[in-house]
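Novice: Would you mind keeping the following structure in view while I ask a few things?
What follows is calculated from the coordinates using simple rules that are stated; it is not laboratory data. All values reported here derive from a predicted model rather than from experimental measurement. Don't worry about glycine lacking a Cβ; one is built from the backbone with ideal geometry, like all the others, and counts go over all protein chains shown.
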Amino acid sequence: MSNITIDGIDKIILRSLMKDARTPVLEISRNVGISGAAIHQRLRKLEKSGLLSGSKFVINPKAMGYKTMAFVGVFLEKAKNNSDAVRQLKRIPEVLECHYTTGDWSILIKVLCKDNEHLMSVLNKNIQGISGVSRTETFISLDQQIDRQIKI
């Protein structure tokens with residue numbers, strides 16, 4: 001994907017939707033001073049360009065009893081085990097993100113569990129049981145202090 005050029009109107013539209021994706025197009029059009037149809041056209045253009053990858057509702061995990069967030073560095077016996085390990089990690093619902101990294105770990109994953117006991121179970125029974133995983137290193141997040149998207 002190449003760099004995308006956006007103008008001031010696009011930025012206003014994007015900032016409004018990033019703050020609240022349910023903002024009505026008519027409200028945005030009033031704030032920008034162009035028609036709702038023009039807003040829709042610009043949004044279609046931004047979607048086609050690849051800048052927008054969709055919209056979603058965000059579930060509050062604490063409301064569902066998930067209170068323990070951890071980052072787990074996964075050491076693989078061999079780099080060639082990566083694709084198989086990732087395939088198996090995808091089957092673990094508590095794994096929210098998986099990153100192929102430089103440094104000591106082969107993979108860094110973000111895991112969400114109900115509590116420390118649940119985390120220990122996921123580590124021992126699921127993650128460390130994956131073929132090719134030699135060991136893991138776990139960091140429990142005490143508090144997420146920044147949560148944002150790239151600035152527009």
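Novice: Note down the nm distance, to one decimal, between modelled labels 7 Å out along Cα→Cβ at L26 and at K114.
Specialist: Taking the simple label geometry, L26 and K114 are separated by 4.5 nm.
Novice: Which whole-number percent of Cα pairs in the stretch 61-141 have a distance greater than 17 Å?
Specialist: Considering the stretch 61-141, 39 percent of its Cα-Cα pairs are separated by more than 17 Å.
Novice: What is the distance, in nm, between label points placed 7 Å from the Cα along the Cα-to-Cβ direction at K80 and at F57?
Specialist: Distance between label points: 4.7 nm.
Novice: On a straight-distance basis, which lysines could pair with K80 in a cross-link, Cα separation under 27 angstrom, same-chain partners fewer than 8 positions away excluded?
Specialist: K90, K110, K125
Novice: With a bin width of 10 angstrom, please list the P(r) values of the chain as percents of all Cα-Cα pairs, from the 0 bin to the one holding the largest distance.
Specialist: Pair shares across the bins are 9, 30, 22, 22, 14, 3.
Novice: Relative contact order for the chain: what percent, with Cα pairs under 8 Å and sequence separation of 6 or more?
Specialist: Relative contact order of the chain: 24 percent.
Novice: Can you give me the Cα centroid spacing of the stretch 51-107 and the stretch 118-150 in angstrom?
Specialist: Their Cα centres are 8 Å away from one another.
Novice: OK, next. Going by alpha carbons, how many degrees (0 to 90, nearest 10) lie between the helix axis of 36-49 and the longest principal axis of the chain?
Specialist: So the helix axis and the longest Cα principal axis differ by about 40 degrees.
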